[in-house]
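The values are calculated or read from the model by the stated rules, or taken from the named source; none is laboratory data. Keep in mind that this is a model prediction, so the values were computed, not measured. Ideal geometry is used to build each Cβ from the backbone, glycine not excepted, and the neighbour counts take in all protein chains shown.
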Amino acid sequence: MQDVSISSLALAPAPPAASPPGEKPALAAVALGLLTLLAAAADADVARARLSLYCALALLSGGALGWAWLAFGKREAGWHPHDLWRRPSTSRGAVAWATGVALTGFYVVVYWFPWLLTNLIRALDPFSQWARHRAADQWFLYGTFYTMAVLVMGGRALWKYRFSRYHLARTASVMFFQLGFGFLLPGLLLALQRPEFYFTYFWPLKYDYLFPGTVSQLLHNGGLGVFMVFWGAAMSFLATPVLTYFFGKRWYCAWVCGCGGLAETAGDAYRHLSDKSRQAWRWEVRLVYPILGLITLLTVLLWLGASGAVPALGVVTGPLGQFYGFAIGSVFSGIVGVGFYPLLGSRVWCRFGCPMAAYLGLLQKHFSRFRISTNGGQCISCGNCSNACEMGIDVKQYAQRGEPIVRAACVGCGLCATACPRGVLNLENGPREGRLTGSAFIHADSLRIL
């Protein structure tokens, strides 16, 4: 008897495999790279640990880029959901939990148990001597891993969004600023016996840059130190409001910031996990603005104490500064902000904790020209826009009503507009007049059915 194949009558396609067969060698290279990295961390022989570390980085980079090419480069360019909600690595499955635990554990070790990374740190000594003219430490190790993550996963983003000039430029921008201004330039300053300074971080994100002690230290380093103080103050209080007025907070959060750069590259696969509920928005408001107020208060108190007007302030500012550095600077921005990518989305820190995002958000909402316009008459309520939003904004609700999106949280990444199959959304820097006016909408009562 001859076998007759019967096609499925199911309306929906079968769930995809966890990883297509063609991608398995690339994923195996990533897994082997992680094992080699663990071997390097456990090897007390410096030469052997260095060789293992470089092999691990090569395997991780090559495997990740190879997987990105297989997953995105070989298929037709365009927006694809890529079954993110059906993969255990991107739908809070076992793989996601394991990844979250590993990331969280790494941050805990870097902050409080760096001696566990001694072998890896010593393995990077030659590179650190070349880049900074000094021995490596846990922060150089962390910066190296961080920069490689942005560059490698930035390559993935370039493959994935190669059909969009906006996203290609945005991805290239965060890769450039992280490599040049977040990694190489601070090392060069140290090599020249100058203070380590990050020109892409300003107050209130890099909160200590305008503290009296930091300002005094920089001013004692000659003309370059004076320029650093001027740069930090001008960018915080002059350039930031001006640029945000014209372009919204996207000029910084989606194009320059290192935290946003990691979220847009390494965290891109988790953007759909951001909580869109109203309760999450309430917690966002309850946390991010008090944190901005806290660092503003701390800065003012420190300057009052430094002026000598209120000598007793030292009793308050010391513990307050230590609390902020531990709870916000370490736990929130690092452990929760990055470690929880696979569980809560890629912008947890940006949404709930970043004082710079809060500052920019207030400027964007009340004083900026930026908005995302919508055309409610064309919305088909597919939900792609909300699914793509990493900041927890339910974009679909605005699009259905034809209302412009003027939200403090929006970082202007543009993925909602990219994901829309109907061209309903458009990022605009138009005049402030009519900024909150919705698009013309044809009501059902105005239609006649002949």
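Taking L190 and the conditions (1) in contact (Cβ under 8 Å) with a residue 40 or more places away in the chain; (2) out of contact with any Asp or Glu (no Cβ under 7 Å at 6 or more places or on another chain), which numbered condition does it fall short on, given that it satisfies the others?
With (1) in contact (Cβ under 8 Å) with a residue 40 or more places away in the chain; (2) out of contact with any Asp or Glu (no Cβ under 7 Å at 6 or more places or on another chain) applied to L190, the lone miss is (2).
Evaluate the stretch 172-188: report whether one residue or more is on the phi > 0 side of the Ramachandran plot and over 22 Å from the mean Cα position of the chain (by Cα).
no
With the structure loaded, tell me whether Q178 is crowded, with 17+ Cβ neighbours inside 10 Å, of a type outside the set (A, V, I, L, M, F, W, C) and more than 24 Å from T299 (Cα to Cα) or whether it fails that test.
Spelling it out, Q178 is indeed crowded, with 17+ Cβ neighbours inside 10 Å, of a type outside the set (A, V, I, L, M, F, W, C) and more than 24 Å from T299 (Cα to Cα).
Quick one: which of V108, V101, V95 is under 30 Å from G187 (Cβ atoms) and under 25 Å from the mean Cα position of the chain (by Cα)?
V108
Mind listing whichever residues of the stretch 28-78 are at pLDDT below 90, in a helix (DSSP H, G or I) and touching a Phe, Trp or Tyr at 6+ places or on another chain (Cβ under 6 Å)?
F72, G73
Working only within the stretch 52-69, note down all residues that are out of contact with any Asp or Glu (no Cβ under 8 Å at 6 or more places or on another chain) and either in contact (Cβ under 8 Å) with a residue 60 or more places away in the chain or not hydrophobic (A, V, I, L, M, F, W, C) (or both).
Here is the first cut: in the stretch 52-69, the ones out of contact with any Asp or Glu (no Cβ under 8 Å at 6 or more places or on another chain) are 53-66, 68-69.
The answer is L53, Y54, L57, L60, S61, G62, G63, A64, L65, G66, A68, W69.
Restricting attention to the stretch 337-366, which residues are hydrophobic (A, V, I, L, M, F, W, C) and not in a helix (DSSP H, G or I)?
Once the filter is applied, which keeps residues that are hydrophobic (A, V, I, L, M, F, W, C) and not in a helix (DSSP H, G or I), the stretch 337-366 yields F340, C354.
Please go through the stretch 400-438 and pick out each residue that is touching a residue at least 40 places away in the same chain (Cβ under 8 Å), more than 13 Å from F247 (Cα to Cα) and in contact with a Cys (Cβ under 8 Å, 6 or more places away or on another chain).
Those that are touching a residue at least 40 places away in the same chain (Cβ under 8 Å), more than 13 Å from F247 (Cα to Cα) and in contact with a Cys (Cβ under 8 Å, 6 or more places away or on another chain): L415, C416, A417, A419, P421, R422, V424, L425.
Where in the stretch 367-434 are the helices (runs of 4 or more DSSP H), entirely inside, with at least 1 residues that are basic (K, R) and farther than 20 Å from H272 by Cβ?
Per the criteria, 395-401.
Here are the criteria: (1) buried (at least 18 other Cβ atoms within 10 Å of the Cβ); (2) under 27 Å from T240 (Cα atoms); (3) over 20 Å from the mean Cα position of the chain (by Cα). Tell me which single one C379 does not satisfy.
(2)
Select from the stretch 378-427 the residues that are among the acidic types (D, E) and within 23 Å of T171 (Cα to Cα) and list them in ascending order.
E390
Taking G321 as meeting all but one of (1) over 20 Å from the mean Cα position of the chain (by Cα); (2) of a type in the set (G, A, S); (3) within 30 Å of E428 (Cβ to Cβ), write down the number of the exception.
Going through (1) over 20 Å from the mean Cα position of the chain (by Cα); (2) of a type in the set (G, A, S); (3) within 30 Å of E428 (Cβ to Cβ) one by one, G321 breaks only (3).
Among (1) touching a helix residue (DSSP H, G or I) at 6+ places or on another chain (Cβ under 6 Å); (2) assigned to a helix (DSSP H, G or I); (3) surrounded by 15 or more Cβ atoms within 10 Å (Cβ to Cβ), where does G22 come up short?
(3)
Out of R156, R86, report the one residue that is charged (D, E, K, R), surrounded by fewer than 20 Cβ atoms within 10 Å (Cβ to Cβ), closer than 29 Å to V411 by Cα and out of contact with any Cys (no Cβ under 6 Å at 6 or more places or on another chain).
Of R156, R86, the one residue that is charged (D, E, K, R), surrounded by fewer than 20 Cβ atoms within 10 Å (Cβ to Cβ), closer than 29 Å to V411 by Cα and out of contact with any Cys (no Cβ under 6 Å at 6 or more places or on another chain) is R86.
If you check Y252, Y245, which single one turns out to be surrounded by fewer than 20 Cβ atoms within 10 Å (Cβ to Cβ) and within 26 Å of R165 (Cα to Cα)?
Selected residue: Y245, the only one of Y252, Y245 that is surrounded by fewer than 20 Cβ atoms within 10 Å (Cβ to Cβ) and within 26 Å of R165 (Cα to Cα).
State whether one or more residues within the stretch 158-169 are touching a residue at least 12 places away in the same chain (Cβ under 8 Å), small (G, A, S) and in a helix (DSSP H, G or I).
no
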